[in-house]
Amino acid sequence: MKVLTNIATALLFLSIVPSCRAQIKNSKTENIKIYGNCDMCKTNIEKAGNLKKVAELDWNKDTKMAKIIYDTTKTSTTEILKRIALAGYDSNQFLAPDDVYANLPNCCKYERVNKTGLLSNEIIEINPTENQNSTVESAKEDSELALIFDNYFVLKEAFVKSDQPEATTSAKNLLLSINQVKMNKLTSEEHTVWMKVFSNLKANTEKISTSTNLEKQRNAFMDLSANMYDLLKVSKQETPTYYQNCPMYNDGKGSNWLSKGKAIQNPYYGSTMLTCGKTVETIE
């Protein structure tokens, strides 16, 4: 009887999980940068962005990237980001009102990338004539390569979670940003390194985007990370990036990755050995 009860419980759980995931119909997933600092920011941003059965938002305080899943027939990223801006948080589409930002707790007062043209009690739209539904948008960037790094960190988080489908989707977004780089906008140092790593960046990203095998994807991510490191070293960044190492991966030879967070979250083993590794360099 106990065995039958356990089986029934398991079947009930399996029947519930898909229904939870299926709550948002006509769904589309986008990864968008939203500025903030801490766990309180995460709570506020997700509260402003979430809408039952219409939109779900998961924000990462280290990468500043939000994964947004929404019903395309009922809302859009434009509407979601407007709500978040009204809560005090800038994105690359909308700037929050000055007075709302000023009232945020001190721990939430992130460094604002674009401060010009802010008016009290209203949000400011950036580049309103551009397509607002692109995967990751950027209004004011120090480097033509910023979009590539943003998408790389989203991909890294997918491996931390051992989420193979998400890794595939994130790699497709990364590949798109690689192909969209305008070389005439690169600095001379960036251009020199870009010409050296471009082929490998593209090849390894394509391997990840076309594979359904998590281990094969991680192997390609190892090579991808080495080239991303070379690129990051010559590209100006707003915040420090940590170059981290797992000594056990790759048959004990070790493997590196880039992270926006100082805490170790191993993308090669995920939850199996999440904190295995150390920071070997801080890039500023």
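What follows draws every value from the coordinates through simple rules; no lab data is involved. Nothing here was measured: the structure is a model prediction, and the numbers come from that model. Cβ coordinates were reconstructed from backbone atoms using ideal geometry, including for glycine residues, and neighbour counts include every protein chain displayed.
For this structure, a couple of remarks:
- Mean projected area in nm² (Cα convex hull; one quarter of hull surface) for segment 146-283: 7.5
- A quarter of the convex hull surface defined by the alpha-carbon atoms of segment 147-216 gives 4.5 nm² as the mean projection.
- Exposure proxy ranking, count of Cβ atoms within 10 Å, fewest first, for ASP163, ASP39: ASP39, ASP163
- Per-residue ³J(HN,Hα) for segment 29-43, Karplus 6.51 cos²θ - 1.76 cosθ + 1.60, θ = phi - 60°, Hz, x for Gly and Pro: 10, 9, 10, 9, 7, 10, 8, x, 10, 9, 5, 5, 4, 4, 4
- Charge tally in the Cβ shell below 12 Å around LYS161, where Lys, Arg are +1 and Asp, Glu are -1, LYS161 excluded: -2
- Each of ILE69, ILE24, LEU57 was scored by the projection of its Cα onto the charge dipole of segment 24-125, and the greatest displacement toward the positive side belongs to ILE24; charges sit on the C-beta of Lys, Arg, Asp and Glu.
- In Å, descending, principal axis extents of the Cα set of segment 24-125: 37, 25, 19
- Among the listed pairs LYS202/LYS233; LYS25/LYS236; LYS64/LYS233; LYS202/LYS262; LYS74/LYS216, a Cα-Cα separation exceeding 29 Å is found for LYS25/LYS236; LYS74/LYS216.
- Cross-link pairs LYS33/LYS53; LYS28/LYS109; LYS47/LYS156; LYS33/LYS61; LYS185/LYS260 - those with Cα-Cα distance over 19 Å: LYS33/LYS53; LYS28/LYS109; LYS47/LYS156; LYS185/LYS260
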